[in-house]
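The next block holds one structure in the form of structure tokens; read it before the comments.
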Amino acid sequence: MLLSSSVWRGNARWWFAGGELLGGIASGLVGVVAGSLLLRWWLPTAAHAWLIACALVAVAAHEFGIVRLPLPQNARQVPQWVIDEGGRFGALQFGFEMGTGARTFMTSGLPHLVLLAVLLIAAWPHALLAGLAFGAGRAWMALSRLWSPDPAGWDATLRRRDAAVRAVLVVAAGFVALLVA
Amino acid sequence: MTSPITVAARRGRRAATHPLATAAVLLTTAAGTWGLWAVGAPYAPTLAWVVLALAAGYAVSGSV
């Protein structure tokens, strides 16, 4: 598990977190540009909300284990050499690649829901903010493990409570996805 | 012997960093966003984007 990798030494964790935020912003930018160029001009406006609602139902079914969707993803981890570069820039690059969400395994469908919403309906400021928040969410899990008084126990708790955490998050995301759409 | 303050601080950190606690905070914030939207708060949609993306980022990071 890379949560315990050497990238956490010293203040590298802050560089990692900064990289996560930058990666998220980059993904938000790419999403809003790609959506504007490729989708929005020909898709009827009424279809946007329907597509997001359908994606929400599919993602919820996936998260609750009702169906197993083949989530589009770049199913590989950030290469070891990025981590081995060490220091601030290794951590920054590692964080950036994680923050984009484009170079890791995706165990949840929620990022796909956010991406779809950004592609279809996000205004520029909302796309950037969503990217920033996505990176912050990713960084928060790693940092909260580090701040925990017992990181090994924290891992065990996450494994034990994974289904409940997923369920709560998908309900929270569902609430606000309906507002966004 | 560990002081009560140290024990309390340790318990506080454990509770604050618990994954389920974070998810619960996000759920509460999502419900609050609905409330803000219902009363016509102009920043409710912006907050909705933030909560949605935070939840997505947190959900996917178990695989880090």
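The values are calculated or read from the model by the stated rules, or taken from the named source; none is laboratory data. If you're wondering where the values come from, they're calculated on a predicted model, not measured in any experiment. No Cβ is skipped: glycine too gets one built from the backbone with ideal geometry, and neighbour counts run over all protein chains shown. Just the protein is used for accessible areas: all its heavy atoms, side chains included, with ligands, DNA and RNA removed. Shrake-Rupley method; radii C 1.70, N 1.55, O 1.52, S 1.80 Å.
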Within a Cβ distance under 15 Å of A:Gly28, other residues only, what is the Lys/Arg minus Asp/Glu net charge? 0
Could you look at chain B and say what percent of its accessible area is carbon and sulfur, using a 1.4 Å probe and all protein chains? 72
Out of A:Met98, A:Met106, A:Met141, any idea which swings most in a Gaussian network model of chain A, alpha carbons joined below 10 Å? A:Met141
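Let me confirm one metric for peptide A:158-166, namely the mean number of other chain beta-carbon atoms within 10 Å of its residues' beta-carbons.
On the way: counts 5, 2, 2, 4, 3, 0, 4, 10, 4.
Taking the mean over all residues of the peptide, I get 4.
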Summed residue charge, Cβ within 14 Å of A:Ala139's Cβ, Lys/Arg positive, Asp/Glu negative: +1
Long-range Cα-Cα pairs in chain A (distance over 21 Å), rounded percent: 53
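Could you report the buried accessible area between A and B, both sides summed, computed with a 1.4 Å probe and given in Å² to the nearest 100? List each step's numbers first, then the result.
Working: alone 10360 and 5300 Å², together 11710 Å².
Chain pair A/B: roughly 4000 Å² of buried accessible area.
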Pick out which of A:Ile66, A:Ile52, A:Ile121 has the largest mean-square fluctuation in a Gaussian network model of chain A, springs linking Cα atoms closer than 10 Å. A:Ile66
Using a simple spin-label model with points 7 Å from Cα along the Cα→Cβ vector, what separation in nm is obtained for B:Val39 and A:Phe105? 4.4
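Taking a probe of 1.4 Å, how large is the accessible area per residue of chain B, in Å²?
On the way: 3270 Å² over 64 residues.
For chain B, the solvent-accessible area averages 51 Å² per residue.
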I need the helices of chain A that pass two filters: whole DSSP H segments spanning 30 Å or more by Cα along the axis, and mean Kyte-Doolittle score no lower than 0.0. A:12-38, A:124-147, A:151-180
Per-residue average of other protein chain Cβ atoms inside 10 Å, peptide A:108-114 -> 6
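In deg cm²/dmol and to the nearest 500, what is the mean residue ellipticity at 222 nm of chain A if only DSSP H runs of at least 4 residues count, each as -39500 (n - 2.57), divided by the residue total?
When only DSSP H runs of four or more count, the value is -24500 deg cm²/dmol.
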Of the residues A:Val170, A:Val114, A:Val57, which exhibits the maximal mean-square fluctuation in a Gaussian network model of chain A defined by a 10 Å Cα contact cut-off? A:Val57
Per residue in region B:3-18, which ones lose no less than 30 Å² of accessible surface when going from chain alone to all protein chains (1.4 Å probe)? B:Arg10, B:Arg13, B:Arg14, B:Thr17, B:His18
Tell me which DSSP H helices of chain B clear both cut-offs, 20 Å or more of axial length from alpha-carbon atoms and a mean Kyte-Doolittle hydropathy of at least 1.6. B:44-60
